[in-house]
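Undergrad: Just dropping this structure here.
The values are calculated or read from the model by the stated rules, or taken from the named source; none is laboratory data. Note that the structure is a prediction, hence the values are computed from the model and not measured. Methodologically, a virtual Cβ is constructed for each residue, glycine included, from the backbone with ideal geometry; neighbour enumeration extends over all protein chains shown. Surface accessibility is based on the protein's heavy atoms, side chains included, excluding ligands, DNA and RNA. Shrake-Rupley method; radii C 1.70, N 1.55, O 1.52, S 1.80 Å.
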Amino acid sequence: MFDLYIYPFGIQNNIEYSNLSGYFVGNVQRKATRTRVEDVIVIRFTPFRKLSPDETTTIDLLVSQTSEKYYKTKGPITTASKLAGDFFNECLNRINVSKNNQAPIIGSLHFLVLNKDDLYFLHAGGATSFLFSKTTFEKFEDRTYGIEGIGIGKSVHFRFFHAKVTPNVRVVLSTRPPKTWTTEALLSDQRLSISHLRRALIHLSQDDFEAIIIQLRPGNGSVHQLRLDSSELSTSDESEKDQEIAVESSIDSKSDLQLETIEKPLQNTPEIRKKEEKEFLELIKNMNYSDSISDSQEIQIDNYDQGDQVGQTDLQQLDFFEQHISVSSPEGETTQVKEKSEGLFISGEKWQANTPEKKKISRRKERGNESKGFAIFLLRSRSFIYRINEKYRNFTSRIRNSFLKLFNSSSVESENDPNSLSPSSMLMIAILAGVFVSAIGITVYLQSGIGSQQKELIANANLLVSDALDESDSQNQILMYDEAMRLVIESENYGKSDSVDQLKQFIQLELDKLQGVTRIEVQSTILGGLDRRIQISRMGINPNGDLYALDSGTGRVIRMIATRPDYVVDTTFNCGPGKYDEIIVDSLIDIEPVNFPNRLNTSLIAIDTRGNLLLCIPGSEPVGIQLKRSDMNWGEIKSIAFNGFNLYVLDIGDKTRDIYRFKSNDYAFDLNPESIFASNIPENLAGSNDIAVSQDELFLIHANGQLTRCNLFGGSTQSSCENNIGYGVIMDGKTRENISVLSGTQFDQVYLTLPPDPSIYFQDVIGKSIYHFSMALNMQQQIRPNLNNKPLDLTSELTSFAVSPNGIVHFAYGNQIYFGYLP
């Protein structure tokens with residue numbers, strides 16, 4: 001981790017000042033969420049006009065509230081910082097609207113987050129940041145400023161930047177910095193002290209400006225505020241090197257650094273903390289010291305509970321000052337801020353208040369705080385050791401009693417057979433074996449570095465999310481989010497947590513927005529799911545709502561009857577391989593619901609690989625039919641479709657490719673087959689995926705994603721087919737464009753629904769979604785289920801789907817089936 005050494009200042013009319021408005025720096029707060037405990041933030045709002053004292057106070061309070069918003073927000077750093085920025089902009093808009101008779105307050109926003117060695121930048125309204133060391137220089141800039149600044153509209157375009165930091169890195173924050181701040185000018189001298197950098201920025205600037213200089217040094221996440229002293233203003237050029245050395249040496253002195261340090265609060269509740277404070281005060285009073293305690297120390301201990309609490313949030317932007325003093329601005333205005341009675345000047349010398357009484361109080365509080373922290377450490381250590389000893393005594397007592405019982409019960413057996421092992425010896429061997437195995441397992445686990453691998457995956461995913469938020473091209477954003485999602489899913493192999501789930505949900509939400517996905521809530525079709533050995537490959541729905549699912553493993557069909565609130569399996573339904581009269585039916589490969597009245601009351605037609613039909617009837621035995629073969633015999637039957645008059649069979653064999661039509665003939669299907677193609681059979685028919693048929697149209701999905709539509713002409717022997725008819729997509733919300741193949745998709749199943757909402761649906765196995773089109777092939781929506789809190793993850797494959805005419809859609813993932821309602 002790093003400590004932050006920070007110096008805010010500005011130049012106006014050649015006068016330097018350090019009380020900047022809209023400025024906050026701090027670390028974790030008491031009510032922060034767990035994922036924010038290691039974050040150190042810096043917020044700087046730079047107004048584009050001069051603010052009145054009341055406006056300055058309002059902005060400072062708003063910046064402080066924005067910091068609280070960040071620390072209470074869960075999720076990745078980029079998400080929390082963006083939400084905090086939106087919060088600031090929304091509040092600033094309300095202030096501007098409420099004061100419509102005054103000039104609005106607009107400006108730029110810097111939002112920095114330091115997490116270990118990762119530094120995240122959020123910019124808006126023309127904010128600029130410089131990051132450099134002795135060898136590197138980076139400039140992060142947002143060029144959208146002026147009237148585009150934050151505070152003028154409801155939506156703000158934030159830009160994210162990221163950098164890996166090392167010790168002694170310097171960061172400079174400014175808005176509309178002078179053009180003379182170039183790489184060559186800032187790196188011309190390798191001395192990188194804050195004092196030298198401040199003078200270099202001033203010498204390079206001809207215009208007024210405001211800036212914040214930050215230096216990172218190894219530490220524990222504390223923040224050190226630097227202050228300008230009078231000697232720095234009058235320093236001659238000859239003494240600059242000496243003062244620079246003084247800064248560096250003073251920064252290395254830990255005793256001086258703690259005077260203006262934001263310490264991390266204890267990670268416990270206020271009730272526990274107050275109880276521990278009272279306990280350690282009583283402990284100190286009862287202890288016997290070899291050295292006497294001074295009167296001032298006794299007063300500090302006795303009156304500690306009545307003193308001010310360090311680190312409480314005030315209305316001003318800095319929460320680590322204790323005493324009120326007046327700071328004069330260059331314009332002669334006086335602003336009340338809270339400051340400590342001691343600190344560090346930027347030159348390295350100590351600064352202190354004019355009254356000796358304040359200095360004495362500060363030293364006494366400092367010693368009291370140090371004693372308090374050490375006493376709490378001793379108290380916790382003693383309590384921890386006591387608990388460990390107590391548990392060890394109980395454990396040894398139970399083991400000793402168990403051994404005594406075993407020795408007493410086995411004494412007779414040991415005397416009869418002195419060469420045999422007693423039960424107590426065997427128990428000891430078993431315990432030692434378990435201890436050795438556990439030790440080996442723990443060693444292997446620790447050496448494998450599981451925790452570090454997961455952190456690296458999450459860090460890379462966060463970087464991709466940051467880059468995606470900054471990317472303008474939607475296709476590149478989708479690729480970045482997809483890769484980030486892959487990394488997050490891979491990280492879950494090393495363990496799950498709330499922060500990982502929040503990051504995954506955020507990425508999924510952004511992907512849905514970019515891809516135009518309609519995500520619907522679903523519930524289990526069968527409570528508890530089907531048998532784990534079942535793999536659903538095809539589904540269909542009857543008008544009465546019954547759901548049929550084909551198990552590719554057994555080749556059988558499962559019937560599910562709609563109840564409330566879910567479905568139940570009809571265990572009496574028989575539809576699968578077997579001998580039916582003289583017809584032997586193999587494993588079924590495709591099914592088609594029968595949505596028309598018929599003499600057999602059949603509700604489903606199924607087919608096997610040898611062209612044998614099975615008419616399945618609820619409550620009765622199926623009827624087997626052997627279809628008549630063509631002259632070419634069967635090649636590879638892929639799919640069937642039925643429109644009440646004719647059965648269509650798709651054969652995708654290389655030599656037998658065709659779509660055959662079998663007339664129903666009152667569900668006898670006993671006539672010779674006919675090809676729907678008048679002459680030339682399409683070459684790309686081989687390897688096609690699926691067919692679906694309405695009253696007068698047949699749709700064929702090819703392996704390359706192209707779509708063929710055939711007009712059936714009322715069942716005549718010749719059909720007119722149009723290849724590659726394309727898909728209608730509305731581009732930019734304005735014009736319809738016909739696209740041959742939807743990029744990034746692979747359609748493997750097609751499904752038609754009857755009135756009142758006749759539609760055509762396609763299953764995309766890549767995106768694991770359902771595409772909804774009108775019968776005119778105009779895209780309506782892309783549908784995906786919300787699988788949160790389901791026994792599935794994003795890697796589960798979508799194996800089949802079915803849609804009913806009344807808007808119920810079912811999704812199959814292997815043996816798990818879920819259903820929801822179309823919007």
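A quick yes/no check of all residues on (1) open to solvent by less than 10 Å² (accessible area, probe 1.4 Å); (2) within 19 Å of LYS99 (Cα to Cα):
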| position | (1), (2) |
| --- | --- |
| GLN12 | no, no |
| SER21 | no, no |
| VAL40 | yes, no |
| THR46 | no, no |
| THR56 | no, yes |
| ASP60 | yes, yes |
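Residues checked against (1) open to solvent by 10 Å² or more (accessible area, probe 1.4 Å); (2) at pLDDT 85 or above; (3) in a helix (DSSP H, G or I); (4) closer than 19 Å to ASP208 by Cα:
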site	(1), (2), (3), (4)
ARG143	yes, no, no, no
GLY153	yes, no, no, no
HIS162	yes, yes, no, no
THR166	yes, yes, no, no
VAL171	no, yes, no, no
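Undergrad: Please go through the range 1-51 and pick out each residue that is touching a Leu at 6+ places or on another chain (Cβ under 8 Å) and charged (D, E, K, R).
TA: Correct list: ASP3, GLU16, ASP39, ARG44.
Undergrad: Out of ARG736, ARG709, I need the residue that is more than 26 Å from ILE640 (Cβ to Cβ), in a strand (DSSP E or B) and either of a type in the set (Asp, Glu) or at pLDDT 85 or above (or both). Which one?
TA: Details: ARG709 fails: more than 26 Å from ILE640 (Cβ to Cβ).
Just one listed residue meets the conditions, ARG736.
Undergrad: Quick check on my filter: what residues within the range 626-659 are over 50 Å from the mean Cα position of the chain (by Cα) and open to solvent by less than 20 Å² (accessible area, probe 1.4 Å)? Working first, answer last.
TA: Narrowing the range 626-659 to residues over 50 Å from the mean Cα position of the chain (by Cα): 626-634, 645-646, 655-656.
Within the range 626-659, LEU627, ASN646, THR656 meet the criteria.
Undergrad: Within the range 745-759, how many residues turn out to be open to solvent by 50 Å² or more (accessible area, probe 1.4 Å) and either without any contact (Cβ under 8 Å) to a residue 40 or more places away in the chain or part of a strand (DSSP E or B) (or both)?
TA: Let us first name the residues in the range 745-759 that are open to solvent by 50 Å² or more (accessible area, probe 1.4 Å), namely 746, 754-758.
Of the ones still in play, those that are also either without any contact (Cβ under 8 Å) to a residue 40 or more places away in the chain or part of a strand (DSSP E or B) (or both) are none.
Of the residues in the range 745-759, 0 are open to solvent by 50 Å² or more (accessible area, probe 1.4 Å) and either without any contact (Cβ under 8 Å) to a residue 40 or more places away in the chain or part of a strand (DSSP E or B) (or both).
Undergrad: Exactly one condition in (1) free of Cβ contacts under 8 Å to residues at least 12 places away in the same chain; (2) farther than 19 Å from ILE783 by Cα is false for LEU503; which is it?
TA: (1)
Undergrad: Let me ask something else about it. Quick check, is ALA802 over 19 Å from ASP757 (Cβ atoms) and either surrounded by 15 or more Cβ atoms within 10 Å (Cβ to Cβ) or free of Cβ contacts under 8 Å to residues at least 12 places away in the same chain (or both)? Quick ask: steps written out before the conclusion?
TA: On the way: over 19 Å from ASP757 (Cβ atoms): no; either surrounded by 15 or more Cβ atoms within 10 Å (Cβ to Cβ) or free of Cβ contacts under 8 Å to residues at least 12 places away in the same chain (or both): yes.
In short, no.
Undergrad: Ok, one more. I'd like to know if the range 538-561 contains one or more residues that are without any contact (Cβ under 8 Å) to a residue 40 or more places away in the chain, within 27 Å of VAL809 (Cβ to Cβ) and among the acidic types (Asp, Glu).
TA: yes
Undergrad: I would also like to ask the following. Tell me which helices (runs of 4 or more DSSP H) are completely within the range 445-549 and hold 3 or more residues being in contact with a Phe, Trp or Tyr (Cβ under 6 Å, 6 or more places away or on another chain) and open to solvent by 30 Å² or more (accessible area, probe 1.4 Å), or say none if there are none.
TA: Numbers: elements: 450-470, 474-491, 498-515.
Helices (runs of 4 or more DSSP H) meeting the threshold: 450-470.
Undergrad: Of all residues in the range 77-91, which are open to solvent by 10 Å² or more (accessible area, probe 1.4 Å) and touching a residue at least 40 places away in the same chain (Cβ under 8 Å)?
TA: Just the residues of the range 77-91 that are open to solvent by 10 Å² or more (accessible area, probe 1.4 Å), to begin with: 77, 79, 82-83, 86-87, 90-91.
Residues satisfying the conditions are ILE77, THR79, LYS82, ASP86, GLU90.
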